[in-house]
Amino acid sequence: MEQFTRIILLFVSTVLVNNFVLIRFLGICPFLGISKQVETAFSMGLATTFVMTLTGAATWLINTFILEALQLPFLQYVSFIMVIASLVQFVEMFIKKTSPVLYKALGIYLPLITTNCAILGLALLIPLNGYNFIESIVFGFSAGVGFTLAIVLLAGLRETLEFGDVPEVLKGVPITLILAGIMAMAFMGFSGLISI
Amino acid sequence: MQLWNDFKNGLWQENPIFRLVIGLCPTLAVTNTAINGLAMGLATSFVLLASEIVISTIKKLIPNDVRIPSYILIIATFVTFVDYFLKAFFPAVAVSLSLFVPLIVVNCLILGRQEAFASKNPVHRSIADALGMGLGFTWVLVLLSIVRELLGMGAVFGFQVLGDWYQPMIIMILPAGAFISLGILVGIMNYIARKGVRK
Amino acid sequence: MRKLLITLTVLGLISAFALAFVYQWTMPKILQHQEVGKKDAILTVLPESEQYQEVRKGDLTFYEGNKNGEVAMVASGGGFQGQIEVMIGFNPAAGKVYSIKVLNHQETPGLGAYITGGKFESNFVDKPFGEYKVVKRPVKSAHEVEAIAGATISSEKVAEIVEKAIKEIREVYGGEI
């Protein structure tokens, strides 16, 4: 029961209180780059969540059974990024074979996920926070949900803003950054909600 | 002359942050004090320079279809080096940059330059490109962090410059302030760039 | 596929070899920094001791100073955002806290982050054991702690960590409230 409460708390705190994008600044590139339309933003969020959940599991296994067992901490970054790159490749092949529809929706975003710093950030946070196997998976999944939430919200705002009267020099990146700033302010309201 | 152009390119015309809008995670996350901004800029520049030298030297040995994973591996190696180096010789800097040192690995700026420049050009031009891009990245980071530190804490590089009368805008050193100040800065740069064109 | 494996294996081996060398070179320095940092913190919170000894009792580690029966320990707990880690110096016989030093924290910069840097920490200088009340004005009694403006929660969390540490120290070394 206690374990269960911990997991719920971990989920809420990762999605809202320590939102990867708006509070930890991870995954800004896709957040700004692929948030023009709600639909594509959602697909991107879905693909990222999928990879993040797998990354959570994979990095915990590698860190525990290879890096710590053989005392090779200096290979952490190299091995994590290689795992992520191969995981993304694997997911791409898997989806291509099993579900062409999903592949069509996510296909072009998948290769981009490798260089999404939210994924590597997630991998590095797992040994840092000392999560166990189950917690690592939950952490990966909820980080993905938090990412999806942020990117879909921003895309919604940007769609509306299409009809707004934005000063010429602020069009594009600047106004998107300012919008993200206002969203971050709103998310600050969650800080201190849970502390673990 | 060509070298000078390669170098100059990153400073303004193709400035990684203002013009190409890449590498934003560290730009936003570590620019709450000027020292952090400078350290991050230099660390990134070092990794960029080292990997451009290595990759433009051995580009013929790497088969074309496996180049991206190979580049990432080389970059990750240099990043690990920087991380241990900072921890050993500048522990205070290492603590305040924390997670964002390893995240240099996935800074799109670095991989992007390997793909767009180092893999196609000789070593000496790659060095010029890396220095230009690195400096272009660093000056924007320092500018942004000076603005944020000044408004958020009334200080620059840790020295209190504004007196007690100044009520610090704490929001500027929090995440929200990072987004907003970078947004306004990019807007100002757009304005300047546009004026230049009109002339 | 074979090309991929060969290239990555060769590069990986070179990288691992180079990094092993870097690791060997920097690790002693990194460990030394950590050691010096810990030593400084212990001697700051123990006013008279010049040396200390590490003692393990049960699950807890204490640092016993060489003068006056001074004892220091590291206590931690959840803060406003992440974990807060504090070094605390005690005199169990006199039933008081000498002083505290915040070692690690992830509190909001410009607000909660002021738990480090002296002014807030000085609240706990020569503090008698007991339960503390965090107040938003200058303190009037010995069991009060003045909160940082705008960061009451961070201030309360630190006070709670100190209270918890007092409980632990009293179980081992005694000391009256």
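Some observations on this one:
- Count - residues of region A:155-179 that are closer than 22 Å to B:Y191 by Cβ and not in a loop (DSSP other than H, G, I, E, B): 12
- Those residues of region C:54-93 which are within 14 Å of another protein chain (Cβ to nearest Cβ) and either farther than 16 Å from C:I153 by Cα or assigned to a loop (DSSP other than H, G, I, E, B) (or both), in sequence order: C:G79, C:F80, C:Q81, C:G82
- First in region A:2-22 and on the phi > 0 side of the Ramachandran plot, second anywhere and modelled with pLDDT of 90 or more and surrounded by fewer than 17 Cβ atoms within 10 Å (Cβ to Cβ), Cβ under 9 Å, 6 or more apart: none
- Scanning region A:136-164 for residues that are farther than 29 Å from B:R113 by Cβ and within 14 Å of another protein chain (Cβ to nearest Cβ) gives A:G146, A:L153, A:L157, A:L161.
- The single condition from (1) under 13 Å from the mean Cα position of the chain (by Cα); (2) not in a loop (DSSP other than H, G, I, E, B) that A:M93 fails is (1).
- Just one residue in the set B:I55, B:I68, B:I72 is outside any loop (DSSP other than H, G, I, E, B) and under 20 Å from B:L24 (Cβ atoms); that residue is B:I72.
- Region A:114-135 residues that are within 11 Å of another protein chain (Cβ to nearest Cβ) and touching a residue at least 60 places away in the same chain (Cβ under 8 Å), paired with ones that are of a type in the set (D, E, K, R) and buried (at least 18 other Cβ atoms within 10 Å of the Cβ) (beta carbon under 8 Å, 6 or more apart): A:G121/A:R24
- A:L67 vs. criteria closer than 27 Å to C:G82 by Cβ, within 14 Å of chain C (Cβ to nearest Cβ) and in a helix (DSSP H, G or I): yes
- Of the helices (runs of 4 or more DSSP H) lying entirely inside region B:91-182, those containing at least 3 residues that are of a type in the set (S, T, N, Q) are B:123-153.
Residues checked against (1) part of a helix (DSSP H, G or I); (2) within 14 Å of chain B (Cβ to nearest Cβ); (3) more than 17 Å from B:P175 (Cα to Cα); (4) among the β-branched types (V, I, T):
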site	(1), (2), (3), (4)
A:F11	yes, no, yes, no
A:T14	yes, no, no, yes
A:V21	no, yes, no, yes
A:S35	no, yes, yes, no
A:T40	yes, no, yes, yes
A:L46	yes, no, yes, no
A:V51	yes, yes, yes, yes
A:L54	yes, no, yes, no
A:T59	yes, yes, yes, yes
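- Top-ranked residue in region B:127-152 [being in contact with a strand residue (DSSP E or B) (Cβ under 8 Å, 6 or more places away or on another chain) and touching a residue at least 40 places away in the same chain (Cβ under 8 Å); ranked as farthest from the other protein chains (Cβ to nearest Cβ)]: B:I146
- Scanning region B:75-105 for residues that are more than 7 Å from every other protein chain (Cβ to nearest Cβ), without any contact (Cβ under 8 Å) to a residue 40 or more places away in the chain and closer than 19 Å to B:A116 by Cβ gives B:I75, B:F78.
- Considering region C:94-129, and only residues there that are in a helix (DSSP H, G or I) and among the small types (G, A, S), the residue that is surrounded by the fewest Cβ atoms within 10 Å (Cβ to Cβ) turns out to be C:S122.
- Residue match in region B:63-76 (condition: hydroxyl-bearing (S, T, Y), in contact with a Phe, Trp or Tyr (Cβ under 9 Å, 6 or more places away or on another chain) and buried (at least 20 other Cβ atoms within 10 Å of the Cβ)): no
- Extreme residue, farthest from A:A155 (Cα to Cα), among residues of region A:165-184 that are within 7 Å of another protein chain (Cβ to nearest Cβ) and without any contact (Cβ under 8 Å) to a residue 12 or more places away in the chain: A:V169
The values are calculated or read from the model by the stated rules, or taken from the named source; none is laboratory data. The structure displayed is predicted, hence computed values, not measured ones. Here the Cβ is made from the backbone with ideal geometry for all residues, glycine too, and neighbour counts use every protein chain on show.
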